[in-house]
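Below is one structure; the comments refer to it alone.
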Amino acid sequence: MTVSPLTSTSPRPYDPIDLSSRAFWSTTAAARETSFAELRAARPVSWHPPVEDSLMPDPEDRGYWAVTRHADIVTISKDSETFLSGKGVLFENVPEELLEASQSFLAMDAPRHTMIRKVVHAAFTPRQVRRIEDSIKANAKDIVGELRAAGTGADFVDLCAKELPIRTLSDMVGIPESERQQVAEAADALVSWGDPVYLNGRNPLEVLVGSQMYLHQVAGALAADRRANPGDDLISALVTAEVDGDRLTDAEIAAFFVLLAVAGNDTTRQTASHAVKALTDFDDQRAWLAADFDDRIPGAVEEFIRWATPVMTFRRTAAVDCQVGGQDAAAGEKVVMFYASGNFDETVFDAPERFDLSRKPNPHLGFGGGGRHFCLGAHVARAQLRALFGELLTQLPDISAGEPSYVAGNFVHGVRSLPVAF
């Protein structure tokens, strides 16, 4: 991909493949990949209408550029001067007052992004990381034991996949037991508001704002308590962390808490669910992993993440007139990276349709395509997946998945439920 000055502009037609419809995002990942493969081959950067069923329809919204090729996604990810995050990472335009409160430094550009990320990173000390990893292992053992006790036919998502992330988050930041379930539900709401089944007749904006306000209240109470009574948790570290004289405000801590609750929940939850299903469908891969688990699980986790692509899309906004993959993009236009397509790019991955736990190299886009916004919690997600599958293959070596129920939406590759037998 090249980035160069834009020489001319003219009205442009929308691509015949509709990536914006509710119908497209209600199909299976395999069906969507058929469309992505055609776009990668013939029109790797294409122009599309605004998404259907947007939260707050904008009459000024003309559409977005869809970027489907791995190389272009990486280039955009690493060029934070041309492709900005400050307008948000979702397809649609979100009011500024909601943006940072829900997306934290994901929706920021330098220099503010640089400052806040440095302060947050300073709180992830080696001691914090060791403490987190120890709690992850203990939680994984307990959770798989609870799944086993529930008996065959249990829902893997409800009893296992969503339990490890919320317990990890709770241990990281010190969420009291009484709030844990509600925090998990609020985090779920922030990525499920576009799903009619989840909403069940509720107003999506009310669900979104209410959940965000609740998480801010929890974070504010935690921050106030840790200033008075510091402990050995991430919130305590965040309220005291300082880089070059800068500290986080309560609003910034609350926004980061929302980001942590959402990102920390969905990467592990969705990847674990898709991986259990894949290990059922590709039983040779399960046998290969089990034969030398400790040595093979690090690479296997990377394939779990590529296969699942838990976050399917992220948006940038063009800062200047430029050229994206041979297409002219104007300043202010949205550029959406389709990770779900990039992770199956046949020019990067040999036989991408094959679930291959020995795949090397595996430059998947599960934590972004690099650059300033590379996922800060990637090591935590990997640690959770290693621990969880270690326990699953030890305590329930014959576990098999039934048919999953999926959450409709264009952001998270969500699994609503997944019955398992063992």
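The values are calculated or read from the model by the stated rules, or taken from the named source; none is laboratory data. Fair warning: this is a prediction, and the values are worked out from it, not measured in the lab. Note: ideal-geometry Cβ built from the backbone for every residue, glycine included; neighbour counts use all protein chains shown.
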- Task: Examine region 167-179 for a residue that is β-branched (V, I, T) and either under 30 Å from P57 (Cβ atoms) or surrounded by fewer than 19 Cβ atoms within 10 Å (Cβ to Cβ) (or both), and state whether such a residue exists.
- Result: no
- Considering each of L99, L159 in turn, give the residue that is without any contact (Cβ under 8 Å) to a residue 60 or more places away in the chain and within 30 Å of L55 (Cβ to Cβ). L99
- Is it true that A186 is under 22 Å from V415 (Cβ atoms) and in contact with a Phe, Trp or Tyr (Cβ under 8 Å, 6 or more places away or on another chain)? yes
- Query: Do you know which residues across region 393-421 are within 18 Å of G153 (Cβ to Cβ) and either acidic (D, E) or out of contact with any Lys or Arg (no Cβ under 7 Å at 6 or more places or on another chain) (or both)?
  - Reply: P397, D398, I399, S400, G402, E403, V415, R416, S417, P419, V420, A421
- Note on the structure: Output for Cβ contacts, cut-off 6 Å, separation at least six or different chains, first residue on the phi < 0 side of the Ramachandran plot and surrounded by 14 or more Cβ atoms within 10 Å (Cβ to Cβ) in region 26-45, second part of a helix (DSSP H, G or I) and not charged (D, E, K, R), reads F36/S341
- Item | Lone qualifier among A387, A383, A351, A330 - being out of contact with any Phe, Trp or Tyr (no Cβ under 8 Å at 6 or more places or on another chain), modelled with pLDDT under 95 and among the aliphatic types (A, V, I, L, M) | A383
- Being under 13 Å from R286 (Cα atoms) and either polar (S, T, N, Q) or assigned to a loop (DSSP other than H, G, I, E, B) (or both) is the filter here, so list the residues in region 392-422 that pass it. T394, L396, P397, D398, I399, S400
- Message: I'd like to check something: does region 359-378 contain any residue that is closer than 19 Å to K141 by Cα and touching a residue at least 12 places away in the same chain (Cβ under 8 Å)?
- Response: no
